[in-house]
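First comes the structure, then the notes that go with it.
The values are calculated or read from the model by the stated rules, or taken from the named source; none is laboratory data. Values in this document were obtained by computation on a predicted structure and should not be read as measured data. Because the Cβ atoms are built from the backbone with ideal geometry, glycine has one as well, and the counts that use them run over all protein chains shown.
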């Protein structure tokens, strides 16, 4: 009985009520852990079978809302409830079979995207459900060894006659139509969407929407956009509706996803079942381009000598009046979906690619600048361009960030904010990309060098001298200039040496006191905004070794000078001589000191 019901449903039932009944039947036969499509309007979902009285939210769609096949999965599922969904069945209903190349493309896309975006949780069955509804699994798997369809799969011309009205965006490059766009390939991307999301998944050097590997990879990335987590029902619904903005489409795709989750099997390429009914009321394969048959007259022309009978002579009585064709019902015009500006961009062109160079702590005189161009080389306005500083550097954009987003103007140009170097020297890159696209980036090389001074001169002062164990009491000031101008912010190396001709760091004598209390004989200091380098009184210790030493100062750019440092030993005091004893008046040979007198020094 189930098989008969399935045939009746597939034959022509496309209403929301029938979709609801089929999905409900599938849900009832699932394993307990399976979650059926929501029917309670939770999370903003439309109830199953509610129809499309209100358009789902979202701007544009991957397919331009082109027609799709409405065939429902059979009610007899591929395997029994509770069976493993990880192992494909070997035999089963014909509808459960997926052509080998198509199946491989879906699985490859799932593995690739799960490795690069694991948070999306993309199931390959979602790609299979969309591929079934959009093209009948690439027209039953009619693809060559590389996965490219044997003939182009094209949707109807999107000229507003019952469909969206989308004027040409690719100059016919993908769909062969230079007037209007058409959905292309087994996953039915319109050219503007393919221009943004197209992939080269089979590494043949081109992004081909008619290749099932390229198309499946692009579809997976498109469904995962906007940080969606497809394990969540609300995100899954939004992803499917972004492909085609129809609640009936959402329910139909989910019914196939659920069906494929029950199990499937591979079949040879080209042997897949072809769907028949489609959402616009047509039948047959809408994707294959056909040539209209020649017009055949319904009444044979009269032969020579044969009288054409009058209506009354036909024996039917009074002639019937000609049938007047009924006037087709008026339909509201379909507003064409808005094509994002980024989708029109074919490449980013570098404008004035001069090398960006500055010194530490200074602003760059130039800024990276790009032009967004379409396939014909015309500028595209309103495109978001992201500039990013990459590499080991402390250079920042105005405002202190390493990234900035700028929108192109009417001329298609965008310039990054001003760049300012930090104190770190070296090379880095400023990269420009189109937001939401995978186009080649535009890279700008940049370099930060040390500030320089070609001359160092000591400002007038006393000779520097100190005794051992003390410090130099005089203040030391040195002026740095470059090409005759004061040189602020220059890093100057100061080293205590013992020779001007062979300047090596001294092992004794004067030293600097570091912040941690230890003594060092080499420091690096930076000139102030006035170009002066100052050693305050007491900053330089004399040490314990007397002698002549030198303070050598060297700056990037060649500036150098020596300052003499003299260290002397402290003066020693001479003891006073002991006075000779004076003979006494008594004439005694030896004077006897008085008991009250103090000992002699």
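Values for this structure:
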quantity: Matching residues, segment 218-265, being closer than 17 Å to residue 98 by Cβ and under 25 Å from the mean Cα position of the chain (by Cα); calculated: 219, 220
quantity: Single residue of 78, 152 found to be more than 33 Å from the chain's Cα centre (by Cα), within 27 Å of residue 276 (Cβ to Cβ) and either assigned by TED's automatic domain parsing to the domain that holds residue 216 or modelled with pLDDT of 90 or more (or both); calculated: 78
quantity: Candidate set from segment 148-174 (those that are touching a residue at least 24 places away in the same chain (Cβ under 8 Å) and in a strand (DSSP E or B)); member that is surrounded by the fewest Cβ atoms within 10 Å (Cβ to Cβ); calculated: 167
quantity: Single residue of segment 524-543 satisfying the filter (within 44 Å of the chain's Cα centre (by Cα) and part of a strand (DSSP E or B)) that is farthest from residue 565 (Cα to Cα); calculated: 526
quantity: Extreme residue, surrounded by the most Cβ atoms within 10 Å (Cβ to Cβ), among residues of segment 191-215 that are in contact with a strand residue (DSSP E or B) (Cβ under 7 Å, 6 or more places away or on another chain) and in a loop (DSSP other than H, G, I, E, B); calculated: 209
quantity: Flag for residue 443 being at pLDDT 90 or above and on the phi < 0 side of the Ramachandran plot; calculated: yes
quantity: Residues of segment 486-518 classified as at pLDDT below 90, under 51 Å from the mean Cα position of the chain (by Cα) and on the phi < 0 side of the Ramachandran plot, total; calculated: 5
quantity: Looking only at segment 175-185, and only at residues there that are in a loop (DSSP other than H, G, I, E, B) and in contact with a helix residue (DSSP H, G or I) (Cβ under 7 Å, 6 or more places away or on another chain), the one that is surrounded by the most Cβ atoms within 10 Å (Cβ to Cβ); calculated: 185
quantity: Qualifying residue in segment 216-226 (condition: outside the structural domain of residue 438 (by TED's automatic domain parsing), out of contact with any helix residue (DSSP H, G or I) (no Cβ under 8 Å at 6 or more places or on another chain) and part of a helix (DSSP H, G or I)); calculated: no
quantity: Check on residue 469, assigned by TED's automatic domain parsing to the domain that holds residue 553, in contact (Cβ under 8 Å) with a residue 24 or more places away in the chain and more than 30 Å from residue 394 (Cα to Cα); calculated: yes
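Residues checked against (1) modelled with pLDDT of 50 or more; (2) in contact with a helix residue (DSSP H, G or I) (Cβ under 7 Å, 6 or more places away or on another chain); (3) crowded, with 21+ Cβ neighbours inside 10 Å; (4) more than 18 Å from residue 126 (Cα to Cα):
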position	(1), (2), (3), (4)
262	yes, no, yes, no
271	yes, yes, no, yes
277	yes, yes, no, yes
282	yes, no, no, yes
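Residue by residue, here is whether (1) surrounded by 18 or more Cβ atoms within 10 Å (Cβ to Cβ); (2) touching a helix residue (DSSP H, G or I) at 6+ places or on another chain (Cβ under 6 Å); (3) in contact (Cβ under 8 Å) with a residue 60 or more places away in the chain holds:
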position	(1), (2), (3)
486	no, no, no
490	yes, no, yes
520	no, no, no
560	no, no, yes
